[in-house]
1. Suppose R0 equals 45 Å. What FRET efficiency, 1/(1 + (r/R0)^6) with r the Cβ-Cβ distance, do residue 216 and residue 13 give to the nearest 0.05?
2. Can you give me the angle between helix 102-112 and the longest principal axis of the chain, using Cα atoms only, in degrees from 0 to 90, rounded to the nearest 10?
3. So how do 63, 95, 111 line up by other beta-carbon neighbours within 10 Å, fewest first?
4. Set the Förster radius R0 to 41 Å, insert the Cβ-Cβ distance between residue 121 and residue 33 as r into 1/(1 + (r/R0)^6), and round the FRET efficiency to 0.05.
5. Could you give the length gained by full extension between residue 128 and residue 207, i.e. 0.36 nm per residue of separation minus their alpha carbon distance, to one decimal place?
6. Subtract the Cα-Cα distance of residue 111 and residue 21 from 0.36 nm times their separation in residues, and report this length gain in nm to one decimal.
7. Using a basic spin-label model with each label point 7 Å from the Cα along Cα→Cβ, how many nm lie between residue 49 and residue 97?
8. Can you give the calculated 222 nm mean residue ellipticity of the chain, where each DSSP H run of n ≥ 4 adds -39,500 (n - 2.57) and the sum is split over every residue, rounded to the nearest 500 deg cm²/dmol?
């Protein structure tokens with residue numbers, strides 16, 4: 001067979017292979033950039049300003065509560081709000097096992113750090129996830145006729161909190177999202193620690209769920 005007939009097609013094949021190889025390399029580079037940068041991308045904070053209250057999101061005792069106490073003593077708000085989680089209290093109650101609740105311990109941390117008990121408010125209703133917390137905080141802000149609330153969380157959680165506030169607060173005031181500075185989350189090498197890696201995976205999946213309109217609901 002005369003191979004000279006395929007000669008005109010050879011440059012086209014080489015060009016197509018070059019394009020495919022370039023695309024593959026480009027995708028690998030893009031994936032590496034996203035992988036290395038996602039930890040820092042998750043962290044967003046708003047400038048501090050005076051607010052109606054400082055809200056402590058559930059979890060990471062005593063880190064978040066201690067930062068709320070610091071902000072309270074610095075004069076940024078006259079109140080500190082706590083949320084009350086459904087679990088594990090609901091499951092333990094079915095077993096007739098008493099559980100004081102995370103809000104109890106957070107309030108004790110706050111008082112230990114110098115926040116008076118009459119400045120601490122536990123919000124209703126009980127919450128299952130961050131969306132519930134956002135709605136409870138927004139509702140209380142509306143009742144108090146406040147313009148802004150400082151929400152204290154941890155570093156990797158800040159972007160999702162800001163996203164959920166924009167989507168589910170009902171435009172009832174402004175959220176000033178802040179991270180506890182003592183949070184050990186390392187954004188530049190988050191893959192080196194199990195806790196940091198779990199935070200990144202959880203937050204990325206949570207953001208995808210938020211952007212999709214929350215098709216996934218919390219487990220009961």
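None of the figures in this text is laboratory data; all of them are computed from the coordinates on show. What you see is a predicted model, and the numbers here were worked out from it, not measured in a lab. Neighbour counts run over all protein chains shown; Cβ positions are idealised from the backbone, glycine included.
1. Calculated transfer efficiency: 0.50.
2. Tilt relative to the chain: about 70 degrees.
3. By the 10 Å Cβ count, ascending: 95, 111, 63.
4. It comes out at approximately 0.40.
5. Length difference between fully extended and current span is 26.8 nm.
6. Here the segment from residue 111 to residue 21 would lengthen by 26.3 nm.
7. 4.5 nm
8. Theoretical 222 nm ellipticity from helices: -15500 deg cm²/dmol.
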